[in-house]
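Peer 1: There's a structure below that I have some questions on.
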Amino acid sequence: MRLVSIPPPYGPPHSHGPQDPSGQYPAGPPPGAQPPPQYPYGAQPGFAPYGLYGPYGPRPPVAVNGVAIAALVLGLLCFVPAVGLVLGLIALRQIKRRGERGRGMAVAGAVLSSAGLALWTLMLATGAAADFWEGVKEGARAESVLALRAGDCFNSPTGLEGWADEATKVPCARKHDGEVFALVTLPGGAYPGEDSLTGTADERCYDLVDGYVMDRWALPDTVDVYYYLPTEDSWRFGDRGITCVLGERDGRSPLTGSLRRDETTLDAHQLAYLEAAGVLNAALDDHPGTEFAEDDLPGHTAWADEVATALAEQTRMLRAHTWPAGAQTPLDELADGLAEAEKEWVRAAEATDADTYYAHSDRGLTLIDPRQSVTARKALGLATSPPRHEEERGEAPESGDMKV
């Protein structure tokens with residue numbers, strides 16, 4: 001709230017008449033002096049009646065009470081109605097004592113503030129105040145990172161490097177620093193610390209990429225995941241959100257165009273294919289923690305069983321969908337190849353030694369090589385270039401790199 005300055009009353013300070021050098025008033029006029037002129041209504045030398053300037057000058061404007069102005073403003077805004085009511089009452093007392101103008105504003109401010117106070121009481125009783133306050137905060141942080149939502153493309157003064165609190169939304173067709181693909185809401189409590197938040201963001205944001213970019217082949221290999229975390233200060237003010245962002249890996253180069261590939265941008269056939277492929281991708285991503293089967297054969301055979309189950313489900317989903325005429329044959333052939341791969345993974349799951357496991361799992365990886373799906377993808381109008389790290393090797397990718 002701003003401090004309202006009350007202007008001083010008009011006119012010079014009142015004179016108390018002539019004084020002798022000692023500062024005392026003389027007892028009377030000196031001998032022979034003419035008596036001082038008499039002024040009606042108690043006026044003094046240099047002043048006209050009622051305080052008019054000059055003998056017949058215009059009446060100076062009476063000051064407007066500043067507190068009355070403040071009361072009216074706060075009454076109109078209704079943000080702090082109790083303060084507006086108190087100021088209105090104070091202004092009425094000051095106006096009566098000082099003879100200032102502004103009584104109407106003071107009364108209006110007090111009445112509006114009373115109405116606002118009643119409204120706030122009702123809103124608090126019904127829970128509407130929380131929604132109102134959220135709206136106020138949204139408006140206040142329109143140029144803040146906190147205002148970003150999934151699907152927003154934005155520019156930030158610092159790009160995607162270092163601390164940032166400002167973000168300007170721009171159309172995704174224009175050049176932009178980043179694209180928000182998910183928001184993660186954290187539980188309340190004490191501030192967990194930057195390391196803990198970073199670990200949570202790493203886990204949650206990477207898990208949520210596939211929900212926004214269902215077609216992994218459409219995600220450029222130069223793009224990576226970033227996230228904005230609450231600071232200790234913003235946490236104290238209720239910030240509980242992690243903002244997951246896609247941006248160029250160098251953190252400085254701009255993106256152009258949206259990376260979103262989900263039900264809002266895909267047709268029914270593309271969506272059906274990617275949902276089926278997502279079943280297998282999820283199983284392949286769940287690779288055992290140990291690289292070699294010799295170190296954990298039970299873990300690898302359990303994973304092989306998971307892959308076999310995912311292949312059976314993917315095959316079922318592909319065969320259950322009615323594809324466009326030009327895509328039916330490529331999709332049927334792809335489903336047949338996946339059914340053959342399922343058999344190899346079943347045998348790998350049943351292996352009792354590492355050599356047997358490798359023999360069948362390697363064959364299974366070859367049968368689900370992502371390049372086997374290029375023809376089907378082309379028929380559906382999806383991206384047809386496998387991620388570069390798979391393409392550059394010129395061989396069947398490792399299980400952790402399989403993205404079908």
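Peer 1: Only residues that are crowded, with 17+ Cβ neighbours inside 10 Å and part of a helix (DSSP H, G or I): list them for the range 359-368, please.
Peer 2: Taking the range 359-368 as the starting set, the residues that turn out to be crowded, with 17+ Cβ neighbours inside 10 Å are 360-361, 363-365, 367-368.
Selection gives 360, 361, 363, 364, 365, 367.
Peer 1: Being at pLDDT below 95 and surrounded by 19 or more Cβ atoms within 10 Å (Cβ to Cβ) narrows it down to one residue among 399, 373; which is it?
Peer 2: Values: 373 fails: at pLDDT below 95.
Step by step, each of 399, 373 is checked, and only 399 is at pLDDT below 95 and surrounded by 19 or more Cβ atoms within 10 Å (Cβ to Cβ).
Peer 1: With respect to residue 208, is the statement that it is under 29 Å from residue 269 (Cα atoms), assigned to a helix (DSSP H, G or I) and either in the same structural domain as residue 154 (by TED's automatic domain parsing) or touching a residue at least 12 places away in the same chain (Cβ under 8 Å) (or both) true? If you could, list the steps in order and put the result at the bottom.
Peer 2: Working: under 29 Å from residue 269 (Cα atoms): yes; assigned to a helix (DSSP H, G or I): yes; either in the same structural domain as residue 154 (by TED's automatic domain parsing) or touching a residue at least 12 places away in the same chain (Cβ under 8 Å) (or both): yes.
Yes, satisfied.
Peer 1: Then there's this: For the range 153-188, name all the residues that are of a type in the set (Gly, Ala, Ser) and either within 17 Å of the chain's Cα centre (by Cα) or over 15 Å from residue 242 (Cβ atoms) (or both).
Peer 2: Filtering the range 153-188 for residues of a type in the set (Gly, Ala, Ser) gives 156, 159, 162, 164, 167, 173, 178, 182, 188.
156, 159, 162, 164, 167, 173, 178, 182 - these are the residues of the range 153-188 that are of a type in the set (Gly, Ala, Ser) and either within 17 Å of the chain's Cα centre (by Cα) or over 15 Å from residue 242 (Cβ atoms) (or both).
Peer 1: Same structure, new question: So how many residues does the range 282-316 have that are assigned to a loop (DSSP other than H, G, I, E, B) and crowded, with 21+ Cβ neighbours inside 10 Å?
Peer 2: 1
Peer 1: Could you list, in sequence order, all residues of the range 248-267 that are assigned to a loop (DSSP other than H, G, I, E, B) and closer than 23 Å to residue 373 by Cα? Break it down stepwise before answering.
Peer 2: Going residue by residue through the range 248-267, those that are assigned to a loop (DSSP other than H, G, I, E, B) are 249-254, 257-260, 262-267.
If the condition is that a residue be assigned to a loop (DSSP other than H, G, I, E, B) and closer than 23 Å to residue 373 by Cα, then 259, 260, 262, 263, 265, 266, 267 are the ones that fit.
Residues checked against (1) of a type in the set (A, V, I, L, M, F, W, C); (2) closer than 15 Å to residue 163 by Cα; (3) touching a helix residue (DSSP H, G or I) at 6+ places or on another chain (Cβ under 7 Å); (4) in a loop (DSSP other than H, G, I, E, B):
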| site | (1), (2), (3), (4) |
| --- | --- |
| 188 | no, no, no, yes |
| 196 | no, no, no, no |
| 199 | no, no, no, no |
| 204 | no, no, no, no |
| 221 | no, no, yes, yes |
| 234 | no, yes, no, no |
| 238 | no, no, no, yes |
| 246 | yes, no, no, no |
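Peer 1: Quick one: residue 120 ticks every box in (1) part of a helix (DSSP H, G or I); (2) at pLDDT 65 or above except a single one, so which number is it?
Peer 2: So the condition that residue 120 fails would be (2).
Peer 1: Spot the failing condition for residue 221; the list is (1) surrounded by fewer than 19 Cβ atoms within 10 Å (Cβ to Cβ); (2) modelled with pLDDT of 95 or more; (3) under 24 Å from residue 280 (Cβ atoms), and only one is missed.
Peer 2: (2)
Peer 1: Just the residues that are hydroxyl-bearing (Ser, Thr, Tyr) and part of a helix (DSSP H, G or I), please, taken from the range 317-358.
Peer 2: Looking only at the range 317-358, we keep the residues that are hydroxyl-bearing (Ser, Thr, Tyr), and these are 322, 329, 352, 356-358.
Result: 329, 356, 357, 358.
The values are calculated or read from the model by the stated rules, or taken from the named source; none is laboratory data. Note that the structure is a prediction, hence the values are computed from the model and not measured. We place every Cβ from the backbone using ideal geometry, glycine too, and count neighbours over all the protein chains shown.
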